[in-house]
Amino acid sequence: MTDKKENILNTALELFANEGYNATSTSTIAKQAKVSEGLIFRHFENKKGLLNAIMQDVESRLQVMFATVLFEENPKEVISKIIKIPFSIKESDYDFWKLQFQLKWESEYYNPNKMKPVSEKIFWAFSQLGYDNPEHETQLLNQILDAVSISLLRNEIKDKTAYQSFILSKYKL
């Protein structure tokens, strides 16, 4: 990938994450990236093509991030690893994850099946651990982790280590 193309993607990611996809024009992206708007169209065809290029990166990152959970055979470790994921996100990647949360509200980009393998693995872990209602436990943990992730992205959790330990202790991990 060329430096200019990467610059356009990074600039678009920052603007989409902080200003919103619909509120960000290609001319704004071009101006901030210090490139011509025509170059954006040459590389990505249009704004949707630019977002699609960013979303391709999503799939790669999600696969890498959740691979250790999906291949884990110890049910306690499954729960522990899934809880630790939001706390392991680097601040330099916050814009990327902010955009993912924003796109949950865009029907074209929201795909509830994207996280299905992870939810199935969490369900399996709760089942193996003898929880009374593994389906509700899975849903609750996913909702807790969504809320925690949002709070982390907003820098609302001051002591990340203590909060992670608190959640792990709730599950006796």
Next item on the list: Determine whether the stretch 22-33 contains at least one residue that is in a helix (DSSP H, G or I), over 30 Å from residue 156 (Cα atoms), touching a Leu at 6+ places or on another chain (Cβ under 8 Å) and of a type in the set (Ser, Thr, Tyr).
Entry: yes
Check: Tally time: how many residues in the stretch 109-134 are farther than 27 Å from residue 54 by Cβ and exposed (fewer than 13 other Cβ atoms within 10 Å of the Cβ)?
Finding: 3
Notebook entry, point to check: Which of (1) surrounded by 13 or more Cβ atoms within 10 Å (Cβ to Cβ); (2) at pLDDT below 90 does residue 41 not meet, given it meets every other one?
Noted result: (2)
Note to self: Every residue in the stretch 39-69 that is of a type in the set (S, T, N, Q), closer than 30 Å to residue 125 by Cα and free of Cβ contacts under 8 Å to residues at least 12 places away in the same chain, please.
What the structure shows: 56, 60, 63
Note to self: Regarding the stretch 69-78, can at least one residue be identified that is among the basic types (Lys, Arg), surrounded by fewer than 16 Cβ atoms within 10 Å (Cβ to Cβ) and at pLDDT 95 or above?
What the structure shows: yes
Next item on the list: Kindly indicate which of 30, 23 is surrounded by 14 or more Cβ atoms within 10 Å (Cβ to Cβ), at negative phi, modelled with pLDDT of 90 or more and touching a helix residue (DSSP H, G or I) at 6+ places or on another chain (Cβ under 9 Å).
Entry: 30
Margin query: Looking at the stretch 146-173 only, could you name the residues that are of a type in the set (Lys, Arg) and in a loop (DSSP other than H, G, I, E, B)?
Written below: 154, 158, 172
Checklist line | Count of residues meeting criterion [in contact (Cβ under 8 Å) with a residue 60 or more places away in the chain and of a type in the set (Asp, Glu)] in the stretch 81-123 | finding: 2
Notebook entry, point to check: Which is farther than 14 Å from residue 11 by Cβ and either surrounded by fewer than 16 Cβ atoms within 10 Å (Cβ to Cβ) or within 23 Å of the chain's Cα centre (by Cα) (or both), of 62, 51?
Noted result: 62
Margin query: As an exercise: evaluate residue 148 against (1) surrounded by 15 or more Cβ atoms within 10 Å (Cβ to Cβ); (2) of a type outside the set (Ser, Thr, Tyr); (3) on the phi > 0 side of the Ramachandran plot and give the number of the one condition it does not meet.
Written below: (3)
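The values are calculated or read from the model by the stated rules, or taken from the named source; none is laboratory data. Since the model is a prediction, treat every value here as computed from it, not as a measurement. Note that we place each Cβ from the backbone using ideal geometry, even for glycine, and neighbour counts take in every protein chain shown.
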